[in-house]
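Notes for the one structure printed next.
The values are calculated or read from the model by the stated rules, or taken from the named source; none is laboratory data. None of these values were measured; they are calculated from a predicted model. Note that each Cβ is placed from the backbone with ideal geometry, even for glycine, and that neighbours are counted across all protein chains shown.
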Amino acid sequence: MTNPHININLDKIEHNAGLIAGNCSSKGIITKAVCGNPHIVNAFIKAGIKELADSRIENIKKLRSAGFSCQIALLRIPMISEAKDAVRYADCSYQSEIKVIEEFDRQAGEMGRIHRVILMVEIGDLREGIMPDELSKLVDKVVNMNNIKLEGLATNVGCFGGVLPSYENTSMLVELQKNMEREFDLELPVLSGGNSSALELIGEGLLPESMNFGLEKPFFSEPEPQPAVI
């Protein structure tokens, strides 16, 4: 062997993904798309996972080229220059910057599309998100855009600042959801409050009932290993 390589056991991935999908079926789950590798993503689909997500638009393009037509979300805020491709290839995106959302609105208008947006809210991890006291101002701008549909709220913990998900901090997101729905007379059906670090809460029944859209971390990190033995 002259180069490092990874042996990928698709049967085990499908089995594990099926267990996660089964445990989270009442909450909903999306899975980051492991660098857009179509073999692994197909194992996720066979296991019962309905929606996918990835933090890189290049990987979403790869999935579309491979024929995946399911709902795919863009997790990471893209550069403004990537907005056109993001609207074209992703059904939904997680956002926290108004200038980026405005460009998504413009691009979606030119394509005759409605792009779904989930707003990231900061609840303690300090990685990414709108500060809670600034959320109302941003929501007011987003709901008045012509080509953007505000779908819900999300947060991320257990990633940067060492803050782990708990009933208390995820409940903060639930309260913000209720406040925004009441203030703007709208429905925010998606409430995403965890990555794989939230699986223990789900298993113990401690995740707030309103939380319905989990995030599962990738099985390996960027960049994609080469060559991969399938």
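So here's what we get for this one:
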item: Selection status of Ser136, of a type in the set (Ser, Thr, Tyr), out of contact with any Leu (no Cβ under 6 Å at 6 or more places or on another chain) and either assigned to a helix (DSSP H, G or I) or modelled with pLDDT of 90 or more (or both); result: yes
item: Residue among Gly158, Gly162, Gly194 that is part of a loop (DSSP other than H, G, I, E, B), at pLDDT below 80, surrounded by fewer than 17 Cβ atoms within 10 Å (Cβ to Cβ) and not charged (D, E, K, R); result: Gly162
item: Hey, Ala83 modelled with pLDDT of 90 or more, of a type outside the set (D, E, K, R), more than 16 Å from the chain's Cα centre (by Cα) and not in a loop (DSSP other than H, G, I, E, B) or not; result: yes
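Results for (1) farther than 22 Å from Cys35 by Cβ; (2) modelled with pLDDT of 90 or more; (3) in the same structural domain as Gly36 (by TED's automatic domain parsing); (4) buried (at least 22 other Cβ atoms within 10 Å of the Cβ), shown as yes or no for each residue.
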position: Lys62; (1), (2), (3), (4): no, yes, yes, no
position: Gly67; (1), (2), (3), (4): no, yes, yes, no
position: Tyr89; (1), (2), (3), (4): no, yes, no, no
position: Ser93; (1), (2), (3), (4): no, yes, no, yes
position: Gly124; (1), (2), (3), (4): yes, no, no, no
position: Pro132; (1), (2), (3), (4): yes, yes, no, no
